[in-house]
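Some notes on the structure that comes next.
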Amino acid sequence: MSGFFDIPSDLQHTYAGLIGLHLREALVPVLVGLVVSLPVAQLCVRFRWLYPPVLGVTTVLYAIPSLAFFVVLIDYTGQSETTVMIPLAVYSMVVLVPAIVEGVRSVPPETLAAATAMGFGPVRRYVQVQLPIAVPAIIAGLRVATVSSISLVSVGMLIGNQGALGNLLHDAQIYNRPELAVNSVVTTAVLAILADAALVAVRLLLTPWMPKESAAR
Amino acid sequence: MIRIDSVTKRYPDGTVAVDRLSLDIEDGSITVLVGPSGCGKTTTLRMINRMVEPSEGTILLDGADIRQQPVNTLRRSMGYVIQNAGLFQHRTIVDNIATVPRLLGWGKDRARARARELMERVGLDASLAKRYPYQLSGGQQQRVGVARALAADPPVLLMDEPFSAVDPVVRKGLQDELLRIQAELGKTIVFVTHDIDEAVKLGTMVAVLRTGGHLAQYAPPAELLSDPADAFVEDFLGSDRGIRRLSFFPSGALELQTAPVVALDADAGTIAARGSTSGAPYLLVADLDGRPLGWGDPKDLTAGEIEPGRLLSHGRPFVHGKDSLRAALDAAVLSPTGWAVGVDGTGRVVGVVSQQAVGEAIRSAHALDRGGEDARAVR
Ligand SMILES: Nc1ncnc2c1ncn2[C@@H]1O[C@H](COP(=O)(O)OP(=O)(O)OP(=O)(O)O)[C@@H](O)[C@H]1O
Ligand SMILES: [Mg+2]
């Protein structure tokens, strides 16, 4: 007999192991995406003309199916986690760059003028004034990036079982165990909801300065 | 002293915002820049802390070109207050105020202690310290803005329409507060407004700018009101310039009459005698402490039975010697009897004065003032 949580041995992971793997494959790209997006967004804010072409390029990248990405990347990074994570990082950037740019631009001009007048240099002004005020917008972007990343990891199943919980879909087919597919879908959804809730909690912690009625969003 | 020496600002698009402006701003004074929208007030102010660089000319601070010191050092030595306060929405009130001390490298505790000290100075309750800006009213935010600008005790304060976004009552409170703080601290304040009343009230000197950044007149407010340099300034001062000018004449010269004033417990003889000899149609009744209660017709006042509730209102009294002739005239015009009540600092009646007498005082004050002008002209 085989239960809901009995993972076929070909996946070389326990249920908990698969969850850990799934989270790593989903979240590391979001983090990398964030780290790369911050300076890119800052450049877009600093040089306004840069923003439209950057938006154009990211939108085109977003339009490329992940499968096509894999095909190109397999030549370089093989059938590995990295091959799965690179497209996810790129997709995260597509969401995060505009989110950060809009967030930083939403800082009221009189706040910026006040900061400049008080003797903030450009770097200090960015780190201590613009970024903190952009936090709600950045986290809104992170929520979208995280949830879509968690659901997209499953596609990694197509390149040699690199899809973590997604691999259960494959096993459901070959072992004719539909409950594994249900497990995969439900677990992925629960992970996405929990990650989203965690980000909302982080937002609330980081922004005690937001009016309560708009913080309820 | 801040010396603005034939400064011109041409923006990249060709707009000439300020045109060969020269101004000497004395230490410890409030210099107000006033003028219609777009005349270059903000541009001028921002050239002083180098948020805008002049195209031509120089600005000297205590004799040294402001470009000689690092720009952020210069800015940290000048407080800056703007409309809507421009507070950091993500920082508590106390941390907003502590901003510049922190930039100057003070420790957190010392900076916060200083911030709390300033909250008290600008009349903010200590319980607001841990709040965020969105939890404050517009007037309170503006006070935080002033406190933040004062935090590092800068010798210079630049203020760009700081009070224009609050209602008139709050604005008056903030203006009074600023004058009080200035009397205590003696900063060099450059204050931008488009409200001529605010300029006249606050300014030691007022610079009227006209569109295109030309200086139309630079004078103390009393002189501005008595001798506008040209039709533009006269127009800008508005139609009640004469009345406003009365603010600069003290009421101390008014001769107040005490005969038409009787106490609540006055006897019949006094009421009758005062009623017929004082020359006033009504008598002002004061309580036993000397505070005004209201006006009564001597025929209707019965000794020992004066009912304060049935007297005519005495209107708003003026403080003799402290208020101006404008306040005295206002009190007389608003009084139902046409007589103004003068009180001392504690609210006790000093005497009363008729509209005619106020009018005569205004005429003689003007005559004296003109005499002064003639003397200047002769010299
Ligand atoms: N960055 C800029 N680039 C081009 N023109 C500008 C810039 N800033 C201001 N100006 C122009 O310079 C002129 C003076 O502007 P400034 O902001 O100094 O006026 P102001 O007297 O402060 O007006 P207001 O009372 O409306 O605040 C205006 O014609 C304005 O359009
Ligand atoms: Mg302005």
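Only Cα pairs under 8 Å and 6+ residues apart enter the sum, and on that basis the relative contact order of chain A stands at 25 percent. Computed from the C-beta positions of B:ASP13 and A:ARG46, the FRET efficiency with R₀ = 22 Å rounds to 0.60. For segment B:252-365, the relative contact order works out to 25 percent when only alpha carbon pairs closer than 8 Å and six or more residues apart are counted. Taking every C-alpha pair closer than 8 Å and separated by at least 6 residues, the mean separation divided by the residue count of chain B gives a relative contact order of 15 percent. Extent of the protein assembly as shown along its three principal axes (Cα atoms, max minus min coordinate, largest first): 121, 65, 41 Å.
If you stretched the chain out fully between A:LEU67 and A:LEU112, how much longer would it get, using 0.36 nm times the residue separation minus the C-alpha to C-alpha distance? Walk me through the intermediate numbers first.
On the way: separation 45, 0.36 × 45 = 16.20 nm, distance 4.40 nm.
Roughly 11.8 nm would be gained on extension.
Relative to the longest principal axis of the Cα atoms of chain B, the long axis of helix B:138-150 makes an angle of roughly 60 degrees. Among A:GLU81, B:GLU307, B:GLU184, sorting on how many other beta-carbon atoms sit within 10 Å of each Cβ, with the fewest leading, yields B:GLU184, B:GLU307, A:GLU81.
Assuming charge only on the beta carbon of Lys and Arg (+1) and of Asp and Glu (-1), the dipole of the protein assembly as shown about its Cα centre is about 1220 debye to the nearest 20.
In terms of its alpha-carbon gyration tensor, segment A:115-160 comes out prolate; a/c meets the 1.5 threshold, and the first ratio a/b outweighs b/c.
Considering lysine pairs in the protein assembly as shown that are 8 or more places apart or on different chains, how many have Cα atoms under 19 Å apart? So the count works out to 8. For chain B, the longest principal axis of the Cα atoms and the long axis of helix B:108-121 meet at an angle of about 30 degrees. By the count of other C-beta atoms within 10 Å, a proxy for reagent exposure, B:ILE48, B:ILE189 are ordered fewest to most as B:ILE48, B:ILE189.
Each helix, a run of at least 4 DSSP H residues, gives -39500 (n - 2.57); summed and divided by the residues of chain B, these come to -10500 deg cm²/dmol at 222 nm. With the simple spin-label model, which puts each label point 7 Å out from Cα in the Cβ direction, the B:LEU264 to A:ASN176 separation comes to 10.8 nm. For segment B:68-89, the residues whose backbone nitrogen is under 17 Å from a point 7 Å from the Cα of B:ASP5, taken along Cα to Cβ, are B:68-69.
The distance between label points at A:VAL57 and B:LYS108 comes to 4.0 nm (points 7 Å beyond Cα on the Cα→Cβ vector). Assign one of three labels to segment B:53-199, namely rounded, prolate or oblate, based on the Cα gyration tensor with a ≥ b ≥ c the square roots of its eigenvalues; rounded applies when a/c is under 1.5, prolate when it is not and a/b is larger than b/c, and oblate otherwise. Oblate. Measure nothing but the geometry: give the 0 to 90° angle between the long axis through the Cα atoms of B:325-334 and the longest principal axis through the Cα atoms of chain B, rounded to 10°. Taking the Cα atoms of chain B, the angle to B:325-334 is about 50 degrees.
Of the residues B:TRP295, A:TRP209, A:TRP49, the one with the fewest other Cβ atoms within 10 Å heads the list, and the complete ranking is A:TRP49, A:TRP209, B:TRP295. List the trypsin sites (Lys or Arg not before Pro) within segment B:109-199 that fall in a DSSP loop (any state other than H, G, I, E or B) and whose Cβ has at most 14 other Cβ atoms within 10 Å. For trypsin sites (Lys or Arg not before Pro) across segment B:109-199 that sit outside H, G, I, E and B with at most 14 neighbouring Cβ atoms in 10 Å, the list reads B:LYS130.
As a test of the formula, what do you get for chain A when each DSSP H run with n ≥ 4 contributes -39,500 (n - 2.57) and the sum is divided by the residue count, at 222 nm and rounded to the nearest 500 deg cm²/dmol?
About -24000 deg cm²/dmol.
How much of the DSSP bridge set in chain B is antiparallel, in percent, rounded to the nearest 5? Could the numbers behind the result be given before it?
Working: 30 of 54 bridges.
In chain B, DSSP labels about 55 percent of beta bridges as antiparallel.
Which whole DSSP H helices in chain A pass both tests: a Cα extent of 20 Å or more along the axis and a mean Kyte-Doolittle value no lower than 0.0? Taking the DSSP H segments of chain A (at least 20 Å long, mean hydropathy at least 0.0), we get A:15-46, A:81-105, A:131-152, A:178-206.
Any read-out appearing in this document is the output of simple, stated calculations on the displayed coordinates, not a laboratory observation. Predicted model, so just to flag it, every value in this text is computed and none were measured. With ideal geometry, Cβ positions are generated from the backbone for all residues, glycine too; neighbour counts draw on all protein chains shown.
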